[in-house]
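Asks: Pasting in a structure now, in C-alpha cells, and then I'll have a few things to ask.
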Amino acid sequence: MTLKIAACIKQVPDVTEVKIDPETNTLIREGVDAITNPLDLYAVEEAIAITRNNDAESCAMCMGPEQALDSVREAMAMGIDKGVLISDRAFAGSDTWATSFILARAVKKLGADLVICGKQATDGDTAQVGPGIAAHLNWAQACYVSKVLNITQEEVTVERLLDYGREVITLKLPAVITVIKELNNPRLTRFFKLLESFEKPVEKWGAAELEIDANNCGLSGSPTKVNRIFAPPSRNKATLIKGENAREKAQNIADIIAGI
Amino acid sequence: MYSEVTQSDIDYVKKIVGSENVFIAEEISEDFCRDELAGLKKSPEMLVDVSSAEEVSAIMKYAYERKIPVVPRGSGTGLVGGSVAIHGGIMLNLSGMNNIIELDEENLTLTVEPGVLLMELSKYVEERDLFYPPDPGEKSATIGGNISTNAGGMRAVKYGVTRDYVRGLEVVMPNGDIVELGSKVVKNSSGYSLKDLIIGGEGTLGIVTKAILKLLPLPKKAISLLIPFPTLEMAIETVPLIIKSKIIPTAIEYMVRDVILSSEEFLGKTFPDKSADAYLLLKFDGNSTEEIEAAYDKVAQICLGAGAYDVLISNTAEREESIWSARGAFLEAIKASTTEMDECDVVVPRNRIAEFVKFSDSLQDKYNIRIRSFGHAGDGNLHIYILKDDLDEEEWKKRLGQVFEAMYSKSKELGGKVSGEHGIGFAKIPYLKESMGEAGMQLLKSIKAAFDPLFILNPGKIC
Ligand SMILES: Cc1cc2nc3c(=O)[nH]c(=O)nc-3n(C[C@H](O)[C@H](O)[C@H](O)COP(=O)(O)OP(=O)(O)OC[C@H]3O[C@@H](n4cnc5c(N)ncnc54)[C@H](O)[C@@H]3O)c2cc1C
C-alpha cells in the first residue's frame, strides 16, 4: 500500500526583515513579506525524500489565509505531490490547541500515515503544534528528529537530538515527527514545477469539509490566555575553558570532569 | 642600487613606531614573505607594524633619503605577488590601522583606515541598512589592498568595482608627503584624477592611509537562480542573451560540476544540485519580491529557451549560504586538489567569453595539463587555473609558460585585458608588456617616475 506522508507547513512573516520602530518600540510589520516557516522546508524535503525511495506519496498541508497558497505552491515546486490549503474565516485566531485540532482533522481526512512538522514556527515559537496533532489523534510522536533512518509500512525509525545526546527510536505508524535543521538540505524550488503548480488544483478544506464546529476552532475554540510574554532564561550556559597552552587547557578540562 | 637595511636604520624606525612594532630576520613570520601566489618567496629585511599616517610618512621620508625599498602590505591575500618584498627593504604592515573613522549618513560615505577588513566593513554598513557593493571573494582582504588592486568581485555586473566606490584618499607619497586626493564630493573635474591612479596602483605610487568610500542603501531582498545546463558552452553562450535582455542581475557566475565536487569535499558540505555538467549562478537584488520576481522570470525564460534543464530558485538564507559559501570556496578547493597552481585572470568582452573558455579548455589536451575554471561570466572576467599535479618542476614551468602564452595572446586577439581584478604585481609583467606595447609601457613608467622618482615604493611591480 502506498504510504501517505503529510508535511505541515506554516506561512510566517519574514523575520529577517522585521524592524523595531524606535519611537513606539513595537514591531514594524508593514510591507513585511510572508515566507514559509524556514524549519518547515526541512519537513517538506524529508517528505519528498521518502517518496523517492519508497512507495509513498507526499502532501503539503498549510493552514492559513488565502495568501498561504504561496507556501503550498512553493512546496509543490520543490516536488511535493499534492497540496492542501486549510482555510476558513472560522479558523482565524486559533491557538496551538485549536490549530493542532484542525490539522489533526485534516490529517485524518487525508489518511496520512506519517505527519512531518518543523520543530517550531519562527513567529510563535511554541513548538506545540506537532505534538498537539499527535495528542489529538492519539498517535505516537517524536520531536527534534535529526535523522529518519528507516521507514516501512508499519513503522518509522528516527534519531532525535536531545540536550544530552541522541536517541534512536522506532515508532509505530501512524505517527507524527517534528524535525530540526540537521535533518537534511531542503532542495531548491524548481521553476518548471512552480509553473506546473499553477496548473494543478490545490484542494481547499474549511470547517465544513473537516466537520469542525465553531466552538472547536478560532478564538472560541482556543483555551490559551496569554498573560505575559518574556524571553526565557538561557538554559545552556557554555563556559569557555581557558588556558595558556594545550596542556593547561587539557588539565583544566580534566579537573572539570573529575569534579562532576 | 638600493641600500640595505642597517642597524642604524632599524634603530631609527624603532624610534618612530616603538621597538615592539619592528621585526627583523627570524622574527618575521613566513606569512610576510609571500602572498597567495605560489612560488614567489622573499623576506623583507624589516617588517614594521604602523598605526598612523604620520608614522608611515616619517618612515617613507627616511627610506627616501636612504634609498631603501618599501612595500605596503594589507592582508597578503593578493594573487600576483604584489605585496612580496622582492627587493628586500622595509615592509609596512597596514593591517593594524583598522579603525572605521566616520559614517556620514548625509553624504552616504564611510571613512576608514586602510587595514579595515572587507568583512568588517560590510558587516558594519549592512547593520545600518547601508551597502558597500564591491564583493571580491576573499573577505579577509583589507580595504587598502582592495583599493590598491581595484578589486572586483561578483557584484560587478550590476554595481561595478572598487574604483566606483572610492570618493577620496589620503595618501603618503614616496618622499613622505601626505596628500589628500578627491573628497566626499560626488563629482570632480578638477584636473587629472590622481586618486584613480592610486586605485589599482598596487602600492607602487603611494600608500593609502585613509579612504572615503561611497555607500548605497542596502537592497532589501535578494534571491539566486542556479541554472543547470547540459554543457559549459551552452551555459556561457546564454550570458550575452541575458545581458541583451536589459535585465541586470547582481551577479552572473559560471561553474562546472567538477569544481562543485571539489568544493563539497573541501568544505564538507553538500551543494544543492549537481545533476548537470555546468551551471550558471545568478543573483538578483531589489527592494521588493515583485520587482525581483519580474526580473528573474524573464531571465529564467531566456535560459530555458537556451537549453537549460531547469531553473532552481534559492530564496532562503540557508539555501543562499549553501550555494554562495561553496562558490566562495572554489579557489581554495581547486588549490587543495593539486600540488601547485597558477592563475590567469583575464577579462574579455562579454560576448567573447564562450570562445575564450572553449579555447582554454582545449589547451588541456594540447599541452597535457589539467586546467580548471570558474568565474564572473557576467563581466567577462575569467579565473582559469593551471594545475601542476605531479609534474616535475621543469616540465611544470615549461607547460605553464606555453599555456599562459597561448591564453594571453588569445585574450588580446579577442580584445581582452591581462587582468580583470587581481592586478599585475610581479607575476603578470611579461604579459602586460605584450599587451600594452612599448608606448603604453613607457607611459606607465613615466607616471611611476612622476610619483616616485627614486623607484623605492614597491619596486619591480607593474612596470
Ligand atoms: C580565496 C581568494 C579569493 C579572491 N577573490 C578575489 C575576487 O573575487 N576579486 C578580486 O578582485 N580579488 C580577489 N582575490 C585577490 C585579493 O584578495 C585581492 O587582490 C585583495 O584586494 C588583496 O587585498 P590584501 O589586503 O590582501 O592586499 P595585499 O595582498 O597585502 O596587497 C595587494 C597589493 O596592494 C598593495 N597594498 C596593500 N595595502 C596597501 C595600501 N594601504 N596602500 C597602498 N598599497 C597597498 C600591496 O603592496 C600589493 O601590491 C582573492 C584572493 C583569494 C586568496
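The values are calculated or read from the model by the stated rules, or taken from the named source; none is laboratory data. No experiment lies behind these values; they were computed from the predicted model shown. Glycine gets a Cβ as well: all are built from the backbone with ideal geometry, and neighbour counts include every protein chain shown. With ligands, DNA and RNA removed, areas are computed over all heavy atoms of the protein, side chains included. Shrake-Rupley method; radii C 1.70, N 1.55, O 1.52, S 1.80 Å.
Asks: Viscosity 1.306 mPa s, temperature 10 °C: give me the Stokes-Einstein translational D for the protein assembly as shown in µm²/s, with Rh taken as the Kirkwood radius over C-alpha pairs.
Replies: So the translational diffusion coefficient is about 55 µm²/s.
Asks: Filter the GluC sites (Glu not before Pro) in segment A:68-175 to those in DSSP coil with at most 16 other Cβ atoms within 10 Å of their Cβ, and list the result.
Replies: A:E154
Asks: Label points 7 Å out from Cα along the Cβ direction at B:K123 and A:A208: separation in nm?
Replies: Here the answer is 5.7 nm between the modelled labels.
Asks: Given a Förster radius of 35 Å and the C-beta distance between A:D125 and B:E54 as r, what FRET efficiency does 1/(1 + (r/R0)^6) yield to the nearest 0.05?
Replies: 0.05
Asks: In addition: Among the listed pairs B:K269/B:K417; A:K181/A:K237; B:K67/B:K187; B:K41/B:K123; A:K82/A:K108, give every one whose C-alpha distance is greater than 26 Å.
Replies: B:K269/B:K417; B:K67/B:K187; B:K41/B:K123
Asks: Now a separate question. Before anything else, pin down the relative contact order of segment A:3-216: Cα pairs under 8 Å, at least 6 apart, normalised by residue count, whole percent.
Replies: 25
Asks: Further question on the same structure: Rounded, prolate or oblate: which one fits segment A:3-216, using the alpha carbon gyration tensor with axes a ≥ b ≥ c (rounded when a/c is under 1.5, else prolate when a/b beats b/c, else oblate)?
Replies: rounded
Asks: Given axes a ≥ b ≥ c from the Cα gyration tensor, I'd like to know whether segment B:5-87 is rounded (a/c under 1.5), prolate (a/b larger than b/c) or oblate.
Replies: Since a/c reaches 1.5 and a/b is larger than b/c, the shape of segment B:5-87 is classed as prolate.
Asks: Across peptide B:311-319, what mean number of C-beta atoms from other chains lies inside 10 Å of a residue's C-beta?
Replies: For this peptide, the per-residue mean of nearby foreign Cβ atoms is 6.
Asks: How long is the gain from B:L444 to B:E332 if the chain were fully straight, where each residue apart is worth 0.36 nm and the alpha carbon distance is subtracted?
Replies: 37.0 nm
Asks: Next question, about the same structure. Considering only A:A77, A:A104, A:A246, give the residue with the highest GNM mean-square fluctuation for chain A, with springs between Cα atoms whenever their separation is below 10 Å.
Replies: Looking only at A:A77, A:A104, A:A246, the biggest GNM fluctuation is shown by A:A246.
Asks: Considering only DSSP beta bridges whose two residues both sit in segment B:1-136, what percent are antiparallel, to the nearest 5?
Replies: 45
Asks: Ranked from the most accessible area to the least, with a 1.4 Å probe and all protein chains present, what is the order of A:Y144, B:Y64, B:Y159?
Replies: A:Y144, B:Y64, B:Y159
Asks: May I ask you to list the residues of segment B:293-307 whose amide nitrogen lies under 19 Å from a point 7 Å from Cα along the Cα→beta-carbon direction of B:K246?
Replies: Taking a point 7 Å out along Cα→Cβ of B:K246, the residues of segment B:293-307 whose backbone N falls under 19 Å are B:293-303.
Asks: Under 20 Å from the 7 Å Cα→Cβ point of A:I229, by amide nitrogen: which residues of segment A:96-112?
Replies: Only A:96-100 pass the distance filter.
Asks: How high is the FRET efficiency between B:L40 and B:E318 when r is their beta carbon distance and R₀ equals 30 Å, given to the nearest 0.05?
Replies: Calculated value: 0.15.
Asks: Would you look at the GNM of chain A, springs on alpha carbons closer than 10 Å, and say which of A:G243, A:G124, A:G218 moves the most?
Replies: In this elastic network of chain A, the residue with the biggest mean-square fluctuation among A:G243, A:G124, A:G218 is A:G243.
Asks: Considering only DSSP beta bridges whose two residues both sit in chain B, what percent are antiparallel, to the nearest 5?
Replies: Beta bridges within chain B, antiparallel portion: roughly 85 percent.
Asks: Another question, if that's okay. Does a label point 7 Å from the Cα of B:E20, set along Cα-to-beta-carbon, have any residues of segment B:39-55 with amide nitrogen under 15 Å, and which are they?
Replies: The answer is B:49-51, whose backbone nitrogens lie closer than 15 Å to the label point.
Asks: Same structure again: For a quick check, take a GNM of chain A with Cα springs below 10 Å and name the residue from A:N215, A:N227, A:N236 with the largest mean-square fluctuation.
Replies: Most flexible of the set in this elastic network: A:N236.
Asks: Can you work out the Karplus-derived ³J(HN,Hα) for every residue in segment B:238-252? Use 6.51 cos²θ - 1.76 cosθ + 1.60 with θ = phi - 60°, whole Hz, and x for glycine or proline.
Replies: 6, 4, x, 5, 5, 5, 5, 6, 6, 9, 10, x, 5, 9, 10
Asks: Right, another one. Could you state the number of Å between the C-alpha centres of segment B:57-88 and segment B:249-288?
Replies: Using only Cα atoms to place each centre, the spacing works out to 38 Å.
Asks: Fully extended, how many nm does the chain gain between A:R89 and A:D33 (0.36 nm per residue separation, minus their Cα-Cα distance)?
Replies: Between A:R89 and A:D33, full extension yields an extra 18.0 nm.
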